[in-house]
Amino acid sequence: MQAERLLGETVRDAGDRIRAALAIRFRDLDMAEEAFAFASLRAVETWGRDGPPRDPAAWLYAVGRRRAFDLGRRAKVREAAVHDAPEPTPDPEAILVAAFEPIPDERLRLIFVCCHPALAPEARIALTLRTLCGLSVERLARAWLTTEAAMLQRLTRARRKIRDTRIRFEIPEPAAWGERLEAVLATLEIAYAQAYEDAGGASETADLAGETLRLSGLLCDLLPQEPEVLGLAAMIRLAESRRPARLDAGGAMVPLSEQDVALWDSRLIAEAAGLLRRAAALGRSGPYQLMAAIHAAHATRRETGATAWGDIATLYDYLLSVRPSPVAQVNRAVAVAEARGADAGLAALAAIEGPARLADWLPYQAARAGLCAKAGRAAEAADALRCALALGPAPAERLFLARRLGELSA
Amino acid sequence: MQYLLIIYGDETFNSTTADMQEITAAHMRLGAELQEKGAMVGGNRLRPSDTATTIRTVGGVQSLHDGPYAETREQLAGYYLVEAPDLDAAIAWGKKIPGGPNYAVEVRPVWQM
């Protein structure tokens, strides 16, 4: 149906702008969603009956604004009501049509509000995807493998906290900028990491990966002078480029160094390269650019047929100096092993100050297995594989580890 | 809107006299700045948790106990009650509250009546 298709296109192109404008203008995330939903319904009715408006996006925004205003007025009237107060009469939309405002771009403000560090990371990303991107509660619940009720509660709590603690609907002051931007980037990073975990890319998580990728791109448009924003977007694109190659036909994980480079998405790799060049030109390095550079170094296997492990090990040195993490230390040890030999890698692995007990940590055991095998220490490799399998790997990784164990025992 | 900034510290931490003097001086400076900016509503340092007495009501029945409510490593050490326009302003004040190397400040909005 024409009206529905036009609505769909308009929402796809301008939905986030309209939602953000409504949310910021009325300082109420809940009400903005209601207003937008109302406007969308009215659009299908009215456009179907009267034909499409000249500017569908402006139409949606105008009707949404009016609805939000009415909802706000009713709420105040309800709160203040001593006597029965009359319902406000709705203006005919023809009058609204004459009073079209351009839609202000409040998307950045909304992102900063939804990603405030006072909110828990899972709440931040859910709120951003719901409020800015308009993802349904049902879809969010599936992406996080939780129930709709639980997701709804998460969103409600977050909105309530924003309201009750009075989080400002403003772009952060310069003094707070670094910390607030870091919170936004961390939100996207954590969300993507969750999607990345599921190498199989069951539709829900592939969905989440796609949405995070899109969001990271939007941030680049909104903050083109922030190199870490560009770095994060590059990193996500590079990681996502490998999705088609990450599993074999049997559903087992394929390690990066063994993936078929022909399956990597070259468009995403090229986009990432462009972003990294722009970031480098801004002259301020940072952890996201470094992580992206590591991914990019792996991606050069497409061009050269070999992996620049020495470069990768060096990049991990830089990364660890600005953002120490046990995972990065494990990955560095693997790179060191490739560049300087298995014994060097094993020494690096043993030196890791990891979470409580290294032996109980899956990435450590998986890496130990690989490095021991490389060093010809088959019995230790098999032991590490058994430990790794006992630590509850995800299905795809489990298949891979089990197969390796089978090969070693044969 | 008012926010309560609740200071939790590790009472087992032995700070030197010089450290304590520095922290106290920092509190005085913070208090003065809060006053100057019209943000100070109240604030106090509390005596250590072993001076606490807790009145517990369980199932409607009250009883007295020697000691603080929770036997945790971090104990309530003091508070500031500030007037601030929004959460970020309250957090900014909270970050200025001095302490040893390990402590926490909880920022809680006060219910407006």
**Prompt:** Contour minus end-to-end for residue A:262 and residue A:306, with contour as 0.36 nm per residue of separation and end-to-end as the Cα-Cα distance?
**Reply:** 14.5 nm
**Rg and Dmax of the range A:124-255, Cα atoms only, in Å** = 16.2, 52
**Request:** Taking the Cα centre of the range A:250-355 as origin, sum charge times position over the Cβ atoms of Lys and Arg (+1) and Asp and Glu (-1), and report the length of that vector in debye to the nearest 20.
**Result:** 400 debye
**Request:** Place a label point 7 angstrom from the Cα of residue A:343 along the Cα-to-Cβ direction, then list the residues of the range A:375-397 whose backbone nitrogen is under 19 Å away.
**Result:** A:375-381
**Asked** Between residue A:407 and residue A:50, what is the spin-label point distance in nm, taking each point 7 Å from the Cα along the Cα→C-beta axis?
**Response** 6.7 nm
**Fill in**
Expected vector for the range A:292-303, Karplus 3J(HN,Hα) from phi with 6.51, -1.76, 1.60 and θ = phi - 60°, integer Hz, x for Gly and Pro, equals 5, 4, 5, 4, 4, 4, 5, 5, 5, 4, 4, 7
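Could you tell me how many cubic angstrom of Cα convex hull volume chain A has per residue?
Dividing the Cα hull volume of chain A by its residues yields 179 Å³.
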**Message:** From Cα pairs below 8 angstrom and at least 6 apart in sequence, can you work out the relative contact order of chain B, rounded to a whole percent?
**Reply:** 50 percent
**Asked** Do the sum for chain A: with -39,500 (n - 2.57) for every DSSP H run of n ≥ 4, divided by all residues, what is the mean residue ellipticity at 222 nm, to the nearest 500 deg cm²/dmol?
**Response** -23000 deg cm²/dmol
**Asked** Under the definition of partner shielding as Cβ atoms of other protein chains within 10 Å of a residue Cβ, what is the mean value for peptide A:155-165?
**Response** 2
**Complete:** Karplus ³J(HN,Hα) for the range A:334-347 (6.51 cos²θ - 1.76 cosθ + 1.60, θ = phi - 60°; Hz, whole; x = Gly/Pro) runs 4, 5, 4, 4, 5, 7, 10, x, 4, 5, 4, x, 5, 5
**Prompt:** Based only on Cα atoms, what Rg/Rh ratio does the range A:7-68 have, Rh being taken as Kirkwood's radius?
**Reply:** 0.95
**At q = 0.15 Å⁻¹, base-10 log of I(q)/I(0) for the range A:260-410 (Debye sum, equal scatterers on each alpha carbon)** = -0.89
**Among B:41, B:58, B:82, residue whose mean-square fluctuation peaks in a GNM of chain B (springs only between Cα atoms under 10 Å)** = B:58
**Fill in**
Counting only residues 5 or more apart in sequence or on a different chain, those whose built amide H sits under 5 Å from that of residue A:247 are A:254
**Message:** Sequence gap at least 6, Cα distance under 8 Å: using those rules, report the relative contact order of chain A to the nearest whole percent.
**Reply:** 10 percent
**Rg over Rh [alpha-carbon atoms, Kirkwood Rh] for the range A:159-225** = 1.07
**Complete:** Largest fluctuation, A:363, A:102, A:227 only, Gaussian network model of chain A with Cα springs under 10 angstrom, belongs to A:102
**Prompt:** In the protein assembly as shown, how many lysine pairs have Cα atoms under 30 Å apart, counting only pairs 8 or more places apart or on different chains?
**Reply:** 6
**Asked** Over the range A:115-176, how many percent of alpha carbon pairs lie in each 10 Å bin up to the one with the longest distance?
**Response** 21, 52, 21, 5
**Item:** Translational diffusion of the range A:208-257, µm² s⁻¹ [Kirkwood Rh, Cα pairs; Stokes-Einstein; 20 °C; 1.002 mPa s]
**Value:** 177 µm²/s
**Message:** Output needed: percent of Cα pairs per 5 Å distance bin for the range A:248-326, bins running from 0 to the one holding the longest distance.
**Reply:** 3, 13, 21, 22, 20, 13, 5, 2, 1
**Item:** Fraction of alpha-carbon pairs over 22 Å apart in chain B - percent
**Value:** 41 percent
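Read the figures in this text as sums done on the coordinates, not as results from a lab. In this text, all values refer to a predicted model and were calculated from it rather than measured experimentally. Cβ: placed from backbone, ideal geometry, glycine included. Neighbour counts: every protein chain shown.
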